[in-house]
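Following this message is one structure expressed as structure tokens.
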Amino acid sequence: MEVIIRDDAEAGCLLAAKIIAKLVRDKPHAVLGLATGRTPLRLYQELIRLHRAEGLDFSRVTTFNLDEYVGLPSEHEQSYRYFMRENFFRHINIDQVRTHVPNGTAADLHAECRAYEERIVAAGGIDLQLLGLGRNGHIGFNEPTGSLRSRTWIKILSEQTLQDNSDVFGSLESMPHHAITMGIGTILDAKRCLLIAFGPSKTRAVERMVEGPLSSMCPASALQLHPRATVVLDEGAAAGLEYVDHYRWIDRNKLSWQRYE
């Protein structure tokens with residue numbers, strides 16, 4: 001696992017955007033796995049800027065989002081399809097047909113999960129999967145105690161996740177309690193994983209993910225098994241890491257072709 005620490009969330013998002021932009025330039029038909037939430041917003045803003053100012057071309061890119069709430073139609077303001085459209089897709093030159101988000105209102109949710117996996121395979125697999133990190137260590141909506149080999153499926157959201165996300169719904173009661181999410185196995189199939197986590201609220205989860213044991217109690221710890229997982233943190237999120245000086249040393253002594261800046 002590659003751990004990169006930057007001064008703040010701004011610097012971390014700019015670095016993550018640079019990693020994604022390089023992939024898109026090197027492979028114009030790249031398949032991106034995308035995430036939603038507050039954490040990647042600045043990253044998406046920078047990709048939009050690169051598109052407008054430097055001509056970063058998304059016309060041949062295909063995207064698959066990690067998850068979607070069950071029961072929310074795509075036009076609902078809290079759906080992840082709406083989030084992606086308003087915060088990213090409509091600001092770049094991506095073909096909307098190439099953007100995929102699980103359908104949380106499908107008549108047969110089980111069939112939708114299987115079809116989502118099939119669409120990923122048909123696209124050639126995900127080249128880079130962007131991830132956030134829940135305070136309880138979840139990635140996607142893969143909550144603690146779930147299988148580390150799971151595929152796209154319907155998950156029950158934990159109380160911690162409901163509390164953390166309920167502010168955008170106005171109350172805990174009005175928030176969906178279920179979501180379709182890529183499974184841990186699906187995420188690990190991506191050729192590269194890029195996780196961003198910022199702030200002291202993520203310190204404990206980062207510690208368990210990077211330096212803790214591989215355990216379903218911290219689903220993100222499964223990234224320890226991935227051959228190319230990059231974790232971008234700010235000082236607050238990295239504060240609990242025992243080997244923080246080692247990660248800084250490795251970052252300072254990379255060869256020129258290993259650097260992103």
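Helices (runs of 4 or more DSSP H) wholly in region 168-261 with at least 2 residues that are free of Cβ contacts under 8 Å to residues at least 24 places away in the same chain and surrounded by fewer than 18 Cβ atoms within 10 Å (Cβ to Cβ) - which ones?
244-252
Name the residue, out of 137, 124, that is more than 14 Å from the chain's Cα centre (by Cα) and touching a residue at least 24 places away in the same chain (Cβ under 8 Å).
Result of the check over 137, 124: 124.
Let me ask something else. Find all pairs meeting these conditions: Cβ atoms under 6 angstrom apart; at least six residues apart or on different chains; first residue within region 83-104 and over 17 Å from residue 33 (Cβ atoms); second residue crowded, with 19+ Cβ neighbours inside 10 Å and modelled with pLDDT under 95.
Cβ pairs passing all conditions: none.
Can you spot a residue in region 189-200 that is over 21 Å from residue 32 (Cβ atoms), at pLDDT 95 or above and touching a helix residue (DSSP H, G or I) at 6+ places or on another chain (Cβ under 9 Å)?
Yes, there is a match, as at least one residue in region 189-200 is over 21 Å from residue 32 (Cβ atoms), at pLDDT 95 or above and touching a helix residue (DSSP H, G or I) at 6+ places or on another chain (Cβ under 9 Å).
Ok, one more. Can you tell me which residues in region 225-246 are within 20 Å of the chain's Cα centre (by Cα) and not charged (D, E, K, R)?
Scanning region 225-246 gives 225, 226, 227, 229, 230, 231, 232, 233, 236, 237, 238.
Testing residue 130 on (1) surrounded by fewer than 19 Cβ atoms within 10 Å (Cβ to Cβ); (2) under 25 Å from residue 18 (Cα atoms), one condition comes back false. Which one is that?
(1)
Within region 155-167, restricting attention to residues that are surrounded by 15 or more Cβ atoms within 10 Å (Cβ to Cβ) and not small (Gly, Ala, Ser), which residue is nearest to residue 225 (Cα to Cα)?
155
Quickly run through region 149-165 and pick out the residues that are among the hydroxyl-bearing types (Ser, Thr, Tyr) and either in a helix (DSSP H, G or I) or closer than 20 Å to residue 190 by Cα (or both).
Answer for region 149-165, where residues must be among the hydroxyl-bearing types (Ser, Thr, Tyr) and either in a helix (DSSP H, G or I) or closer than 20 Å to residue 190 by Cα (or both): 150, 152, 161.
Can you tell me which condition residue 51 does not meet? The list is (1) more than 18 Å from the chain's Cα centre (by Cα); (2) farther than 25 Å from residue 10 by Cβ, and all the others hold.
Looking at each condition in turn, residue 51 falls short on (2).
The values are calculated or read from the model by the stated rules, or taken from the named source; none is laboratory data. The structure displayed is predicted, hence computed values, not measured ones. Counting neighbours? That spans all protein chains shown, and the Cβs are built from the backbone with ideal geometry, glycine included.
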